[in-house]
Amino acid sequence: MSTLTIAIVVAFVCGYLCIALESLTKINKAAIALLMCVCCWTLLMMGPAGFYPEVASNEIVHHISEVIEHHLGDAAGTLFFLMGAMTIVEIVDTNGGFNFVRDALKTRSKRKLMWRVAFMTFFLSAILDNLTTSIVMIMVLRKLVQSREERLIYAALIVISANSGGAFSPIGDVTTIMLWIKGVITTQGVLTEIFVPSLVSMLVPAFILQYSLNGKFDKSQNLPKAAVSQFTQKQRNIIFWLGVGGLVFVPIFKTLTHLPPFMGILLVLGVLWTVTEIFHYNTSEDDTMAKRVSDILSRIDLSTIMFFLGILMAVAVLQEIGVLTAMGEGLNTAFAGNYYLINGIIGVLSSIVDNVPLVAGCMGMYPVAAEGAMAVDGIFWQLLAYCAGVGGSMLIIGSAAGVVVMGLEKITFGWYMKKITWIAFVGYLAGMLCYWVERMLFF
């Protein structure tokens, strides 16, 4: 490993530690993520020839610029998807669209609410995706739980449930989508073999977390319906179905057009924006502008977006210099043939760095075989789908769902690591054990 590679890894680790210690440093994690990103790319630019020997010396700067633009394009797709999804959910929420969801979940029992939230998040994330589902559920949760301390516990369970639910669906998580599109897992295979382990990885943490919640909510917790605009019930229903139905339509749109998912989100946002403008045109409400999409956009949490950008681009440097690939090759050498251990460690690593380049690296390193563990729907690929998805729950910044919940609810890295990490890890191991038992008994 070259001195420059070590310097980049040290810069990444230092930045990561500062993010983890945000509660002590009192410095916003987004600022650290952006500094970490720029520092890592600057170090790469100081000696790029060693990483790109095939590129002529007079072309190296231009090549690095193209590499940055390529990774920025990938990151921008995720960021626009996130901004679009957050705006759509905010539009539906502002106009009272989630009232009936809130009423369906409402109960004075804190534990009953926890189980209802867990199961709804789990199954919704398989239909939508874990990122969008987390945003929706946090919006609903804010209407049900006033106490911040208690809401943090529910929010942590939403992260765990969303990641677990996304792991057993071909469209529930970016990594499962990647594996599904490449053809190494099938819809039937992942649903029949990964569903139960994913469910267990949600049930175990939920069972443990329920003991953090005792008693019932005060009557005041059953909040009255939030004030909404003077839209008719029919108009509010149209907004709800356009918003939520549109989110469900996004993976279908991607399949039909082969365009990136953020294009589908922008389509839904454009349609919803147009419809609400038409509805507002016919109302005489004084605070109409406060409910309009142009104002809602100004309320989107940009610090979360900046944090996402910094993390994704910093991890891209590790991908460029071959650290993630070397990590995968090292695991393969050290634990050759032990697919449970290899994937188990990959799952833990996916809670530290982005699971997308990790899975991409594994897809490049391990060829698809005609039979055995590396065959389509083989042990290796199915475990990779499970571990990369569920493993991200172990740290709050280990998944897209965790990062967005962290931003929306202002959860600190330290609180999550102290209170939730071990619980998520127990659920993760329980799911892997469940998969092993399934393989021994039924397959």
If I ask for residues that are within 16 Å of Phe123 (Cα to Cα) and among the aliphatic types (A, V, I, L, M), which ones from region 133-154 would you list?
Ile135, Val136, Met137, Ile138, Val140
Could you grab the pairs with beta carbons closer than 7 Å, sequence gap of 6+ or different chains, first residue in region 156-176 and on the phi > 0 side of the Ramachandran plot and in contact (Cβ under 8 Å) with a residue 12 or more places away in the chain, second one open to solvent by 10 Å² or more (accessible area, probe 1.4 Å) and part of a loop (DSSP other than H, G, I, E, B)?
none
For region 334-404, list the helices (runs of 4 or more DSSP H) that sit wholly inside it and hold at least 2 residues that are aromatic (Phe, Trp, Tyr) and modelled with pLDDT of 85 or more; which are they?
379-390
Quick one: which residue in Met83, Met46, Met36 is within 21 Å of Ile300 (Cα to Cα) and not small (Gly, Ala, Ser)?
Met83
Just the residues that are of a type in the set (A, V, I, L, M, F, W, C), at pLDDT below 85 and more than 21 Å from Ser2 (Cβ to Cβ), please, taken from region 48-78.
Ala75
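Is it fair to say Leu203 is out of contact with any Lys or Arg (no Cβ under 8 Å at 6 or more places or on another chain), open to solvent by less than 10 Å² (accessible area, probe 1.4 Å) and modelled with pLDDT of 90 or more? Spell out how you get there, then give the answer.
Details: out of contact with any Lys or Arg (no Cβ under 8 Å at 6 or more places or on another chain): yes; open to solvent by less than 10 Å² (accessible area, probe 1.4 Å): no; modelled with pLDDT of 90 or more: yes.
So Leu203 fails the test.
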Please work out which residue is surrounded by the most Cβ atoms within 10 Å (Cβ to Cβ), limiting yourself to region 178-196 and to residues that are among the aliphatic types (A, V, I, L, M) and closer than 17 Å to Leu383 by Cβ.
Ile194
Being farther than 21 Å from Trp415 by Cβ, among the polar types (S, T, N, Q), open to solvent by 70 Å² or more (accessible area, probe 1.4 Å) and modelled with pLDDT of 85 or more, is that true of even one residue in region 26-45?
yes
For residues that are surrounded by 14 or more Cβ atoms within 10 Å (Cβ to Cβ) and either in a helix (DSSP H, G or I) or at pLDDT 75 or above (or both), tally how many sit in region 272-294.
9
Find the residue count for region 313-344, including only residues that are closer than 21 Å to Ala33 by Cβ and among the small types (Gly, Ala, Ser).
2
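The values are calculated or read from the model by the stated rules, or taken from the named source; none is laboratory data. The shown structure was predicted, so the numbers you read here are calculated from the model rather than taken from an experiment. For neighbour counting, all protein chains shown are included, and Cβ atoms are generated from backbone atoms with ideal geometry for every residue, glycine included. Keep in mind that these areas ignore ligands, DNA and RNA; they rest on the heavy atoms of the full protein, side chains included. Shrake-Rupley method; radii C 1.70, N 1.55, O 1.52, S 1.80 Å.
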